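Have a look at the structure below, then the notes.
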Amino acid sequence: MSAQKTTYELIGGAEKLRELVDRFYDLMDLEENYQGIRVMHPADLSTSREKLYRSEEHTSELQSQSTISY
């Protein structure tokens, strides 16, 4: 029987989620192709980073109620 894991667990939990959020916002500052979305954000991205991380973390908590078998 395979273990039941949530999507959150499959991607690596909080540490990996933080890494993904940070990479997303880093790319907006580094890559010219992301300037269209970058201009929709404030100059200081720290609040945006935290907001996305917390919303995704909350979504992951909700998903933990339904697990996926692999």
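A short reminder: the numbers here are calculations on the coordinates, not readings from a lab. Everything numeric in this text was worked out from a predicted model, so none of it was measured. Neighbour counts are summed over all protein chains in view; Cβ atoms, including those assigned to glycine, are modelled from backbone coordinates with ideal geometry.
Residue by residue, segment 37-45 carries 3J(HN,Hα) couplings of 7, 5, 5, 7, 10, x, 4, 8, 8 Hz when phi is fed to the Karplus relation 6.51 cos²θ - 1.76 cosθ + 1.60 (θ = phi - 60°); x denotes Gly or Pro. Computed 3J(HN,Hα) for segment 5-14, one whole-Hz value per residue from the Karplus formula 6.51 cos²θ - 1.76 cosθ + 1.60 where θ = phi - 60°, is 10, 7, 4, 4, 5, 5, 7, x, x, 4, glycine and proline marked x.
Roughly how big is segment 1-55's charge dipole about its Cα centre, with Cβ charges of +1 (Lys, Arg) and -1 (Asp, Glu), in debye to the nearest 20?
The dipole of segment 1-55 has a size of about 280 debye.
Placing R0 at 25 angstrom, the Cβ-Cβ distance between ASP26 and ALA3 gives a FRET efficiency of 0.15 after rounding to 0.05.
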